[in-house]
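Worksheet: one structure, shown below.
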Amino acid sequence: PNCTVVTLNLRDNGIGLEGVKYLADSISHSDCTLQTLNLSHNRFGDEGARHLAVSISHSNCALETLKLDNCGIRDAGAEALADVMRYDNHTLKNITLGQNLRISRSLIEKIDRLVEINAESIGCSAAEVGKKKRAEYGPTVDEVYRFVRFNPHLLSSAD
């Protein structure tokens with residue numbers, strides 16, 4: 001009998017750029033049944049995110065959930081993912097990019113809107129997708145800077 005993998009959790013597995021290239025290639029094949037892929041806490045950055053974006057742009061990609069928390073992704077990688085969601089992929093209904101501190105808040109909000117549009121187009125309510133969306137994202141660098149700047153009294157001094 002054939003084995004069908006629907007969920008693959010590779011969180012914190014030391015996967016770098018080469019590893020994510022192989023995974024990205026695999027998820028674009030027509031016989032891939034993977035619906036959930038967790039690559040959080042691996043360090044492949046923008047280039048790895050771009051490879052994933054190319055793979056999920058294929059019409060035969062069945063991926064619905066992609067977790068990319070703390071992967072060293074910046075605006076360039078997040079923009080590649082957003083472009084795919086905007087133009088090519090309509091099955092992805094959940095993507096997490098928390099703890100990638102170099103992604104601008106406006107880009108995260110754009111991806112959130114695209115996820116909601118995709119979810120609604122496949123019959124999943126935006127409420128289902130968005131329940132914990134805000135809690136998944138850590139603060140941006142700008143938000144940390146503003147917090148420290150306007151709340152110096154909350155910081156302890158390092159002697």
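If I compute solvent accessible area with a 1.4 Å probe over the protein chains, what percent of it on region 34-82 is carbon and sulfur? Mind showing how you got there, number by number?
On the way: 690 of 1660 Å².
The computed percentage sits at 42.
Take region 41-112 with all the other protein chains still there, run a 1.4 Å probe, and you get 39 Å² of accessible area per residue. Annotation: amide H of Ile95 within the under-5 Å range of Leu66, sequence separation 5 or more or interchain, hydrogens built in the peptide plane. Each residue of region 98-107 was assigned a 3J(HN,Hα) from its phi angle through the Karplus expression (A = 6.51, B = -1.76, C = 1.60, θ = phi - 60°), giving x, 6, 9, 5, 9, 9, 5, 4, 5, 5 Hz with x at Gly and Pro.
The values are calculated or read from the model by the stated rules, or taken from the named source; none is laboratory data. Treat the numbers as computed from the prediction; the structure is a model and nothing was measured. Note: areas computed on protein heavy atoms with side chains; ligands, DNA, RNA excluded. Shrake-Rupley method; radii C 1.70, N 1.55, O 1.52, S 1.80 Å.
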